[in-house]
Amino acid sequence: MRLFHHPLQSEHAPERELHNGDWVPFAECPERFAQILAACGGAEVASDHGAGPILSVHDAGYVRFLEQAHGEWVAAGRKGDAIGYTFPVVRRRPLEFDRIDAKLGAWSMDASTPIASGTWNAAYWSAQGALSALDAVAAGERRAFALCRPPGHHAGADYMGGYCYLNNAAIAARAAGDRGMGRVAILDVDYHHGNGTQDIFYASPDVFFASIHADPVTDYPFYWGHADERGEGEGEGSTLNLPLPRGTDWTAYAQALDAALGAIGEWGADMLVLSFGADTFAGDPISSFALQTDDFARMGERIAQAGLPTVIVMEGGYAVDDLGTNVATFLDGISR
Ligand code: SP5
Ligand code: ZN
């Protein structure tokens, strides 16, 4: 299988995030990337598709903000990572902001997504990796893997959140549609609900979104991913949420996976974009499912049986010492 990455993805290195009222080390650390790359024995360098495919998903003002935010933070005399502190939950609307703090709040859904000096370049190249993997599949590869970091599935058209800035899966899915690659389904198997991806395609009948994740009643992102969210307007029925309780093991997980793949088949997907997170692992420090390393091979095999050309993009997974092995085991399973 062809794998894609870019060295600038390592330069995204926020120091800390706000968690349970305290500053803790940033869980989505560069070491994750190094571990995956090492376990996979390297990857090709992504090719540059420019800003066009990013702007097909994301608001131009938001993208400009991402590009300039850290520079504005430094210009304002601040140190460390740029992070917001006021969030417009009531009647958010486009306004011209002068202060970086206003912008950080306006374009963000949480305080676990800081912008450091290398963030924009890393997010840009993370998205280019997804587009490069799509190129490979368009050229006839059965599947390809983008070592996306930062991840993407919590980012919406005009907001960041959950360690995500640009929605790599959505960018690949939209580009696949634009290239006439048929009906695209996104399957999200990260531990957390892919609220950004869901939001981007919520009213769209063109992309089916299925997500298996920890019940938002107990877990981030709390406000989305409930079973009654099924899409809206023309997109009604093209969103499927399968929340599972904390402690879920492979036996229960496999049933949800079969249900998701069954729905994707019934919808008539021609290709799949897979948001793969390894934070369903039992040893994950911020998550509470119970999958073992071998279960990732089973998960890969099951997804392969759907028989769809597949662009795999990396999302979360924070058990750094096991992350490389878990990702390599999954890629091994899906290649069988
Ligand atoms: C892509 C992805 O998996 N995002 C997950 C975002 C979860 N953020 C909120 C959870 C906060 C937990 N912070 C614990 C940090 C320990 N260093
Ligand atoms: Zn996650």
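The values are calculated or read from the model by the stated rules, or taken from the named source; none is laboratory data. Treat the numbers as computed from the prediction; the structure is a model and nothing was measured. Positions of Cβ are backbone-derived with ideal geometry, glycine not excepted, and every protein chain shown enters the neighbour counts. With ligands, DNA and RNA removed, areas are computed over all heavy atoms of the protein, side chains included. Shrake-Rupley method; radii C 1.70, N 1.55, O 1.52, S 1.80 Å.
Tilt of helix 60-75 relative to the longest C-alpha principal axis of the chain, in degrees (0 to 90, nearest 10)?
50 degrees
Compute the long axis of helix 320-334 from its Cα atoms, compare it with the longest principal axis of the Cα atoms of the chain, and write down the angle in degrees, 0 to 90, nearest 10.
It works out to around 40 degrees.
Output the 0 to 90 degree angle, nearest 10, between the alpha-carbon long axis of helix 30-39 and the longest principal axis computed from the alpha carbons of the chain.
30 degrees
So, with +1 on the Cβ of K and R and -1 on the Cβ of D and E, and no other charges, what is the size of the charge dipole of the chain about its Cα centre, to the nearest 20 debye?
Charge dipole, the chain, about its Cα centre: 460 debye, nearest 20.
Which one of Pro243, Ala260, Thr218 has its Cα pushed farthest toward the positive end of the charge dipole of the stretch 201-271, where Lys and Arg give +1 and Asp and Glu give -1 at the Cβ?
The residue sitting most towards the positive pole is Thr218.
If the only charges are +1 at each Lys and Arg Cβ and -1 at each Asp and Glu Cβ, what is the size of the charge dipole of the stretch 42-129 around the Cα centre, to the nearest 20 debye?
Computed about the Cα centre, the dipole is about 360 debye.
If you average 1/r over all unlike Cα pairs in the stretch 200-321 and invert the result, what Kirkwood radius do you get in angstrom?
15.0 Å is the Kirkwood radius here.
Indicate the gyration tensor shape class of the chain (rounded, prolate or oblate), computed on the Cα atoms with a ≥ b ≥ c the square roots of the eigenvalues: a/c under 1.5 is rounded; otherwise a/b larger than b/c is prolate and the rest oblate.
Cα axes put the chain in the rounded bin.
For the chain, what does the accessible surface come to per residue with a 1.4 Å probe? Please give it in Å².
In whole numbers, the chain has 39 Å² accessible per residue.
Where the only charges are on Cβ atoms (+1 Lys, Arg; -1 Asp, Glu), what is the dipole of the stretch 191-336 about its Cα centre, to the nearest 20 debye?
With Lys and Arg at +1 and Asp and Glu at -1, about 240 debye.
Could you point to the residue in His192, Ala111, Val207 farthest towards the positive end of the stretch 101-233's charge dipole, with +1 and -1 charges on the Cβ of Lys/Arg and Asp/Glu respectively?
So the residue furthest toward the plus end is Val207.
Ranked from highest to lowest mean number of other Cβ atoms within 10 Å per residue, what is the order of the peptides 113-121, 163-171, 238-246, 48-56?
Going by the mean number of other Cβ atoms within 10 Å, highest first, we get 163-171, 113-121, 238-246, 48-56.
Report the FRET efficiency, 1/(1 + (r/R0)^6), for Asp332 and Asp98, where r is their Cβ-Cβ distance and R0 is 45 Å, rounded to 0.05.
0.30
Work through the residues other than Arg183 whose Cβ is under 10 Å from its Cβ and net out their charges, Lys, Arg +1 and Asp, Glu -1.
Charge balance near Arg183 sits at -2.
How large is the helix-only mean residue ellipticity at 222 nm for the chain, computed as the sum of -39500 (n - 2.57) over DSSP H runs with n ≥ 4, divided by its residue count, in deg cm²/dmol to the nearest 500?
Dividing the helical sum by the residues of the chain leaves -11000 deg cm²/dmol.
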